[in-house]
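Visitor: One structure, pasted below without further comment.
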Amino acid sequence: MREPIYQTVAKLVCSGYRRKDIAERLGMKVTNVHNHIKYARSIGVDAQFDRNSVLLSRAPPHIEKWLREQAPEGATAGDVILAILNDTYNEDMEKTAPRGRKRSERDAQ
């Protein structure tokens, strides 16, 4: 049995394909691709269905694989990227804080 077209579109989006490329590949208009994406999102087709998939597609394969492995069940690659950014920011703020106090404590004054 063939999968529904919205699932095919969702998989292509998650693989990093541009909307225009998906339309050409499936022989439809870009507007139809957007409609299938909207529908897929409305029914919660895929937890990885996010804009960060396009960014991820530009990463080397080993980094993309590692990042997807770091995502807990139900989280997106974007969630992992945000967590990494948050941790990096907090570590950076710790390094620039005056001795004896965290930068966040100093900023609160």
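Quick note: the coordinates plus some simple rules give every number you see, no bench work behind them. No experiment lies behind these values; they were computed from the predicted model shown.
Visitor: Taking all pairs of different Cα atoms in the range 1-48, averaging 1/r and flipping that mean, what Kirkwood radius in angstroms comes out?
Guide: 10.6 Å
Visitor: From the phi of every residue in the range 35-41, what ³J(HN,Hα) in whole Hz does the Karplus formula 6.51 cos²θ - 1.76 cosθ + 1.60 yield, where θ is phi - 60° and glycine or proline is x?
Guide: With coefficients 6.51, -1.76 and 1.60, one gets 5, 5, 5, 4, 5, 4, 5 Hz.
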